[in-house]
Amino acid sequence: VVVKGIDSTGQNLDKIFKIDYGNLQGNGIEINEVLKLIEPKTKIFGISVMFSHEWTYIKNCIKILRKNFPKSIIITGGEHVTALPEFSLRDCKEIDYICMGEGEETWSEISKRVLRNQSINNLKGIAYLKNKKFILNEYRERIKEIDKIPWPDWNIFPMKPYLNNAISFGASSGRNMPFLASRGCPYECTFCSNPLMYGRRYYIRSIDDAINEIKFYIEKYKITGLQLYDLTAIVKKDWIIDFCKALKENKINLEWSLPSGTRSEALDLEVIKNLSKANLKYLVYAPESGSEKTLKLIKKKIKLSVMEKSIGYAIKQGVSVRTNLIIGFPHEKRIELYKTLFQQIKFMLMGVEESPIYPFQAYPGTELFDKLLKEKKIKLNDKYFNSLATLSTGKLTPPDISYNNYIGRYELYFYRILGLILSYLISYVTRPKRIFRTIKS
């Protein structure tokens, strides 16, 4: 059995191509070039569909793939199709099966059965259409012993382009390696799709297993940076302190970061000091709003005063901090929005490096999406998915739609740009050295 991975982006990082529909542009090789890399006798295709704003493009690629491989089995997995399994199957009939949620065990069983010419229709954790009827099998139980999941097999993907060009999700720190120390998130934010994808059970790896994987990457890939992509990396205080100590004990001096946006409950002064000593360089907090009312309604369950104190500790310890904020939640009146703008300014005065504000967007698999869909404020079609790409192209363009009951999309755009200007103005006026550092970067 031969497993082959094709990463179209990694094949040509320098190539940007225009997509004729929606708000997207492509990075890497196009589908006609991907086809040339596929083995003619391929039996199974596994396609990641993580982000809903990419659905219209990926759907088109799958249709082209099906025309060229009519007898192969096409299976998709990821956040988008897990959130919208029936819609995805009907919108793209070329898909044979959807792998729901965590895919390791399901994908392994699918592969074994297909190679033995056995039916996979009764497998846990899959969805499919049978005689035009939607079938959703019993959900597969979460993987609890995540230490037993093999480390990622990066050999099947082109790693050199990413490592050699310091490509990263967060702040760049040389040869960055993506890394996961945990699975899931115990919280229930109404704008997040985690509860559907992974459930609310939080599982974390043993420190020995994590350290051994890091050592392996240092030896094999000569990495200089590590990026933890966990949904919520720091939940257990004892674990993160022990992890930091283990990095020091094993003389692992990588520059590492937490770019996904974490909470502050476990990030007290003791933890921050340990993180700094272990060479953490970049830390992203996710307060989301400066309004206590909004935080309550979106079930964020944080205290801004606690987070501010934690951010202050991090800045004093020399860690670069970013805070993510959102405006335009459906319920918000202007007073809530102004509180978020004020919070952004407050963060910048504290010494936060970046504090971007994004207009709210309703993503499939979230509680707010389900509510808006029920209220018929969202219609599932290509126009909706393309609207999600407004903030994903790197352009400062107005959102295609506002889901707010009081504020339109252009007003939200105005506040976003206002916040952007004010935040950087404050940053450069209060800390002029950042101007030269920015130019150097």
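Data table
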{"read-out": "The range 1-81 - accessible surface per residue (Å², probe 1.4 Å)", "value": "56 Å²"}
{"read-out": "Local electrostatic count, residue 274, Cβ distance below 15 Å [Lys/Arg +1, Asp/Glu -1]", "value": "+3"}
{"read-out": "Relative packing of peptides 5-15, 412-422 - highest average C-beta neighbours within 10 Å first", "value": "412-422, 5-15"}
{"read-out": "Relative packing of 128-136, 191-199, 225-233, 300-308, which averages over residues the other C-beta atoms within 10 Å, highest first", "value": "225-233, 191-199, 300-308, 128-136"}
{"read-out": "Of all accessible heavy-atom area on the range 200-349, the percent that carbon and sulfur account for (1.4 Å)", "value": "52 percent"}
{"read-out": "All-pairs Cα distance distribution in the range 198-320, expressed in whole percent, bin size 10 Å", "value": "12, 43, 32, 11, 2"}
{"read-out": "Per-peptide average of other Cβ atoms within 10 Å, ordering 96-106, 74-84, 43-53 highest first", "value": "74-84, 96-106, 43-53"}
{"read-out": "Residue of 372, 341, 89 that the Gaussian network model of the chain assigns the largest fluctuation, springs spanning Cα pairs under 10 Å", "value": "372"}
{"read-out": "Candidates 163, 325, 396, ranked by Gaussian network fluctuation over the chain, Cα under 10 Å, top entry", "value": "396"}
{"read-out": "Cα centre as origin, Lys/Arg/Asp/Glu Cβ charges: the chain dipole, Debye", "value": "360 debye"}
{"read-out": "Partner lysines for residue 433 [C-alpha distance under 27 Å; skip if fewer than 8 residues away on the same chain]", "value": "273, 277, 281, 309, 316, 346, 395"}
{"read-out": "Cut-off under 5 Å, modelled amide H: who pairs with residue 175 long-range", "value": "224, 225"}
{"read-out": "For the range 155-211, convex hull of alpha carbons as volume per residue, Å³", "value": "141 Å³"}
{"read-out": "Amide hydrogen neighbours beyond the local backbone of residue 326, cut-off 5 Å, H modeled", "value": "288, 289, 358"}
{"read-out": "Kyte-Doolittle at least 0.5, axis length at least 27 Å by Cα - qualifying DSSP helices, the chain", "value": "409-430"}
{"read-out": "Surrounding net charge for residue 67, when Lys and Arg each add one and Asp and Glu each subtract one, Cβ distance under 13 Å", "value": "+3"}
{"read-out": "For the chain, convex hull volume per residue from C-alpha positions, Å³", "value": "150 Å³"}
{"read-out": "Nearby aspartates and glutamates by direct alpha-carbon distance to residue 245 (threshold 19 angstrom, same-chain neighbours under 8 apart not counted)", "value": "208, 209, 213, 255, 268, 270"}
{"read-out": "For the chain, Cys with no neighbouring Cys Cβ under 4.7 Å", "value": "61, 92, 99, 185, 244"}
{"read-out": "Percent of Cα pairs exceeding the 24 Å cut-off, where the set is the range 62-209", "value": "47 percent"}
{"read-out": "Max mean-square fluctuation residue, GNM over the chain, Cα-Cα springs under 10 Å, options 316, 124, 220", "value": "220"}
{"read-out": "Along principal axes, Cα extents of the range 1-120, largest first, whole Å", "value": "42, 30, 24"}
{"read-out": "Beta bridges by DSSP in the chain, antiparallel share as percent, to the nearest 5", "value": "30 percent"}
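The values are calculated or read from the model by the stated rules, or taken from the named source; none is laboratory data. Note that this is a predicted model, so its numbers are computed, not measured. Cβ sites come from the backbone with ideal geometry, for glycine too, and all protein chains shown count toward neighbours. Note: areas computed on protein heavy atoms with side chains; ligands, DNA, RNA excluded. Shrake-Rupley method; radii C 1.70, N 1.55, O 1.52, S 1.80 Å.
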